[in-house]
Amino acid sequence: MRGSLWNRRTVQRLRQALISTVGSMKIKLLLCCCIGFTLIALASRASDFMGWTNHTAALERFSDSRKGYSIVMNTWKRYDLLKQSISHYSRCPRLDSIHIVWSEPSPPSDSLRKFLYHIVQLNTRDGRQVELKFDINTEDSLNNRFKEIKDLRTDAIFSIDDDVIFPCPSVEFAFDVWQSASDTMVGFVPRMHWVDPIKGDKNHYIYGGWWSVWWTGTYSMVLSKAAFFHKKYLSLYTNEMPASIREFITKNRNCEDIAMSFLVANATGAPPIWVKGKIFEIGSTGISSLGGHSEKRTHCIDRFVAEFGRMPLVPTSVKAVDSRNIWFW
């Protein structure tokens, strides 16, 4: 009798435990389902919450307007360097056109034209069509590199000197950076300005070269010898820049790059972006190699501050680095 009673009680306890376990599992399963449905709902609307909604037409318009970049290359009687540069940059994947700024008294020779056209054609056999043009100028002036170009097919301009080589992956990365901030200048060669400690006022400054950037990690300009900027700044430089500044640049044969930095910073109120990249200088002579270069650049900054009525350059310490190719940032 006692054994039978004990067995019934055991069975009842097991049944209650089983019912309790099943109930707990149902509750947990229900909670899991609720959480799962909530996550699915949030995922489906996350793009809306974050502003990532897929607007195909908008993306296509963005892609069309940013499909490539145009190189504007400044040159002066260094034909071997020009040939090397054109041969190199014509291989870059998203290059759309090359405009050679020609300010020499004589037009480019037929042999030079033929060689460069052949090189570009040879390097674009992958289906790309890269246009090569000589922009002929009658006046020898550094302002010519920023003359407005009416038939540009891209918004982005990569301004480059004929004696500077950057690997195509570095150029393409800089182009990506520029696309994220297309109103500012994005370049490889940073420089800085400092308040003159002797004169001690905000009307007198000192031009800081590479070593001051390296020491402080701060810069306020990227030089146009290797920089991306929007084509609209060519129009601003040609039509809106004070004529006295352009005349000063023509007369002194210096500082057109500083003037462009002033122009862009004055328009945006923002600093440029320095992109870290390996530079290969294939030339041995240039304006920067002449004596008194830094002093002349300092004078240019003071002159431009007086013309603009203020110092528009904005210092920054931000640097864009392609982490795919560099172990230590």
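The values are calculated or read from the model by the stated rules, or taken from the named source; none is laboratory data. Here the structure is a predicted model, which is why all the values come from computation and not from measurement. Positions of Cβ are generated from backbone atoms using ideal geometry, with glycine treated the same way; all protein chains shown enter the neighbour counts. The area values use the complete protein model at the heavy-atom level, side chains included, leaving out ligands, DNA and RNA. Shrake-Rupley method; radii C 1.70, N 1.55, O 1.52, S 1.80 Å.
Students sometimes get this wrong: rank 191, 324, 91 by accessible area, probe 1.4 Å, all chains present, largest first.
324, 91, 191
With semi-axes defined as the square roots of five times the eigenvalues of the C-alpha gyration tensor, the equivalent ellipsoid of the range 187-286 measures 21, 19, 15 Å, largest first. Residues whose amide H falls under 5 Å from that of residue 163, counting only those 5 or more places apart or on a different chain, are absent, with hydrogens built in the peptide plane.
The amide H of residue 90, built 1.01 Å from its N in the peptide plane, has no neighbour under 5 Å, considering only residues 5 or more places off or on other chains.
Let me make sure I get this right: for the range 97-188, a, b and c are the square roots of the gyration tensor eigenvalues over alpha carbons, sorted descending. Under 1.5 in a/c it's rounded, otherwise prolate if a/b > b/c, else oblate. Which is it? Oblate is the answer for the range 97-188, as a/c is 1.5 or above yet b/c matches or exceeds a/b.
Hey, if you drop one equal point scatterer on each alpha-carbon of the range 90-141 and run the Debye formula without solvent, what base-10 log of I(q)/I(0) do you get at q = 0.17, 0.20, 0.31 Å⁻¹? Taken in order of the listed q values, log10 I(q)/I(0) reads -0.57, -0.72, -1.20.
Multiplying the residue separation of residue 91 and residue 126 by 0.36 nm and subtracting their alpha-carbon distance yields 11.6 nm.
The value of relative contact order for the range 211-329, using C-alpha pairs under 8 Å at least six residues apart, is 39 percent.
Net charge near residue 255: determine it from the other residues with C-beta under 13 Å of the C-beta of residue 255, scoring Lys and Arg +1 and Asp and Glu -1.
Neighbourhood net charge equals +3.
Using the Cα gyration tensor of the range 158-243, with a ≥ b ≥ c the square roots of its eigenvalues, what is the shape: rounded (a/c below 1.5), prolate (a/b larger than b/c) or oblate (neither)? Oblate. Straight-line cross-link partners of residue 276 among the aspartates and glutamates, defined as a Cα under 16 Å from its Cα and at least 8 positions apart when in the same chain: 172, 176, 322.
The residue among 245, 137, 204 whose Cα reaches farthest toward the positive pole of the charge dipole of the range 123-253, with charges on the beta-carbon of Lys, Arg, Asp and Glu, is 204.
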